[in-house]
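Read the structure below first, then the notes.
The values are calculated or read from the model by the stated rules, or taken from the named source; none is laboratory data. As the structure is a prediction and not an experimental result, all values here were calculated from the model. Don't worry about glycine lacking a Cβ; one is built from the backbone with ideal geometry, like all the others, and counts go over all protein chains shown. Surface areas here come from the heavy atoms of the whole protein model, side chains and all, with no ligands, DNA or RNA. Shrake-Rupley method; radii C 1.70, N 1.55, O 1.52, S 1.80 Å.
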Amino acid sequence: MKYKKIFVISPPFYSHFNPLLVLAKSFQEHGAEVTVGCSIDFQEKILEENLNFYEIDISANKNTGTSEDTVQPEAERMRLEEFFESTKKGAAETLITQSRHRKADMLYNPQELIDKIKAIDDSLDVDLYVVDILSYSVTLSLYFLGLPFVTFCPPHPNTIPRDGRYFNVPKNWPQAITVSEEELAKLKQVSTQTQQEFTEVFNAIITENKSIETISNAFSLVSDIAVIYNYFDFNNIEETDDNPKELFIGNSFQAVALDEYWLEKIETDEKIIMISLGTFLSNRKDVLEKLIISARESHPDALLIVSAGSHAEELQKHSSPNTIIEGFIPQVALMQYVDTVVFHGGCNTLTEAMYHGKEMVILPFSSDQFNIAYDIEKHKLGKVLDPNNFSKEQLAKALNEIEEVSKDNLKYWRNVSRERGADYAVKKILEIE
């Protein structure tokens, strides 16, 4: 086997940790000794899976449950509030805000991390590291130290800018999202500035090591062994033979059985609609409330299941025998039982829905969600609405028309997803036939 000791470094973000944990388990199941380096918040989950745990903090920002419930430093909390406010102003303003936050959020003590990772390497004799694409300081550290690593990309593949594209600027937009030329120009300007700042910080450190080359774009720095995408190869760019391999795994989640409590709650012959805006965006109570009221009006007999985060109590006034509103729902376990998923376009929810071939209505707010929404629209896999400007009629139309539009395409990509998963990439990297 090519790599015997593998060290997976995870950011303290729930949505990135979970797929990385599945990947780590797959490496272990295929014979590698695996250690997961992460914040102490995830120690218990790592040890439950019989993986080795190593405490390392790689981000000042954390999201280990719902974002507003996670204990944050004051500066991080203020940035979160600014982000939530920006989502109310539209796509361009949100992406501009995120771009400006990148340096504070994701370029965490690079010099300190170099020392920490060198200590790990000296003590554990690691053969291969696995790093999340958003852990920029970790990638910089591994590159600086000349250590072999694989890049894991849980968000959309365009998170890694190719061919002179702008970081954090969607190449294409779904029809429902309108961005003016002026807004787009401003977004590109901020993106270019952020990219330059990141790259300058990287190169200032890189030049201390005379044996490695400076880089042209910090956001494009990835493994020269393999990049694993937790996504679908919609554009036919997979490369499995030559390094760096580009591997599309389609899903990276662990199947979970639904407990008796929930099985009883969802017992119905009517359509089941799940509404979930993810751990961060469940903060948008106004959008959740509008979705509940609109879906209830257009589909009075359907069973609505709503993941409401910290707003569950405030939204209880809308609950009824066929409207379940909870702070947390067992989404992975529930997914196979629902008919339609109304969500923000996050990659985890997308891959879970696609694996089960579920109808999708996407309301993208931020990050890679616009890229994901565009792909789903282009490949006729679901409908896209503007979260800040959709009408009751538009939601009703999307929910009613979605089945005919997406049925055959969903079936095709569902089959692709089920043939892939973490094992697919792990076998390619470990060179197991």
(message) Along the Cα→Cβ direction, 7 angstrom out, place labels at Asp241 and Arg165. What is the inter-label distance in nm?
(response) 2.5
(message) Suppose each label sits 7 Å from its Cα in the direction of the beta carbon; what would the Ser180-His318 distance come out to in nanometres?
(response) 3.0
(request) Kindly provide the helix-only [θ] at 222 nm of the chain, computed as the sum of -39,500 (n - 2.57) over DSSP H runs of four or more divided by all residues, to the nearest 500 deg cm²/dmol? (result) -13500 deg cm²/dmol
(message) Report, in listed order, any pair from Lys5/Lys25; Lys358/Lys380; Lys380/Lys407; Lys25/Lys428; Lys265/Lys383; Lys210/Lys245 with a Cα-Cα distance greater than 18 Å.
(response) Lys265/Lys383; Lys210/Lys245
(request) With r as the distance between the Cβ atoms of Phe328 and Glu264 and R0 = 22 Å, compute the FRET efficiency 1/(1 + (r/R0)^6) and round to 0.05. (result) 0.80
(request) Calculate how steeply helix 392-419 sits against the longest principal axis of the alpha-carbon atoms of the chain, using the helix alpha-carbon long axis, and give the answer as 0 to 90 degrees to the nearest 10. (result) 40
(request) Determine the per residue accessible area of the chain with all protein chains present and a 1.4 angstrom probe, expressed in square angstrom. (result) 43
(message) Test of understanding: extend the Cα→C-beta vector of Asp224 to 7 Å, then name every residue of segment 132-164 with backbone N under 19 Å from that spot.
(response) 138-152, 163
(message) For Val150, what residues show an amide H to amide H distance below 5 Å, using hydrogens built from the backbone and excluding near sequence neighbours?
(response) Tyr129, Val130, Val131
(message) Using a 7 Å offset from the Cα along the Cα-to-Cβ direction at both Tyr412 and Glu81, what is the distance between the two label points in nm, to one decimal?
(response) 4.9
(request) In whole angstrom, note down how far apart the Cα centers of segment 213-227 and segment 355-404 are. (result) 33
(message) Give me the extension gain from Glu393 to Glu112: residue separation times 0.36 nm, minus the current Cα-Cα distance, reported in nm with one decimal.
(response) 95.8 nm
(message) Run the numbers for Asp125 and Lys378: contour at 0.36 nm per residue of separation, minus the present Cα-Cα distance, in nm.
(response) 86.5 nm
